[in-house]
């Protein structure tokens, strides 16, 4: 039996999503990834092996998500690991000064986008009673922080959604809200500033220990809020 896995990652063209995708590929797994920018999709295609298949998908559009999922399911069946990584953070501002459109954008991407992807893949995964679903969470999903209320709201929602779905899954599967830890990404820099963020692991160095850890996750971790630690 092959140990190579079929892995789906959203937000796979930048930041930790890109680093995860490339590390999984380096380890011999098949990766289906998506991103919202054609430029970034083209760039990761040039950097990946033939086992990497990347597409531009707007995860806030359920029709686009469903078409992408159907392509994957028809080609390779239900994923062994589905990682909802795509997400955004709001610009620093008190809640009452944050524009409605900015708040709603995070809800659309971080919550509804995740839900669209889950709906597109879960029926096939449940039918085959296989697969690990990982929804990227955050410490901001367990504690409120000033000036990023929209982001905290969405990550609290990811925790609740993941735990509820975990209680519905058949034996042999798992849904896990997973906090990646603190990584020097564009999102972290927008929150902490460059000087403080630069002291943290780069996405590439993070992936060296994060991806092997993700590969250890199984049904026994269903519903657990986990955090990646070096």
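Tabulated data
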quantity: Between 0 and 90°, nearest 10: helix 38-47 axis offset from the chain longest Cα axis; calculated: 50
quantity: Gap separating the Cα centres of segment 130-187 and segment 41-60, nearest whole Å; calculated: 24
quantity: Burial ordering of 213, 151, fewest other beta-carbon atoms within 10 Å first; calculated: 213, 151
quantity: The chain, helix-only ellipticity at 222 nm - DSSP H runs n ≥ 4, -39,500 (n - 2.57), divided by all residues, nearest 500; calculated: -13000 deg cm²/dmol
quantity: Rounded to 5, percent antiparallel among DSSP beta bridges of the chain; calculated: 0
quantity: Rel. contact order, % - alpha carbon contacts under 8 angstrom, at least six apart, segment 1-135; calculated: 26
quantity: Acute angle (nearest 10 degrees) that the helix 203-214 long axis makes with the longest principal axis of the chain, alpha-carbon atoms; calculated: 50
quantity: Exposure proxy order (Cβ contacts within 10 Å, fewest to most) of 211, 182; calculated: 182, 211
quantity: Read-out Rg/Rh (Cα atoms, Kirkwood Rh), derived from the coordinates shown; its label in (1) 0.94; (2) 1.01; (3) 0.98; calculated: (1)
quantity: Rounded, prolate or oblate (a/c below 1.5 giving rounded, otherwise prolate when a/b exceeds b/c) for segment 1-82 by Cα gyration tensor; calculated: oblate
quantity: Residue order, fewest to most beta carbons within 10 Å, for 169, 178; calculated: 169, 178
quantity: The chain, relative contact order in percent, only Cα pairs under 8 angstrom and at least six apart counted; calculated: 19
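Read-outs throughout are calculated quantities, based only on the coordinates presented, and are distinct from any laboratory measurement. Fair warning: this is a prediction, and the values are worked out from it, not measured in the lab. Backbone-built Cβ (ideal geometry, glycine too); neighbour counts: all protein chains shown.
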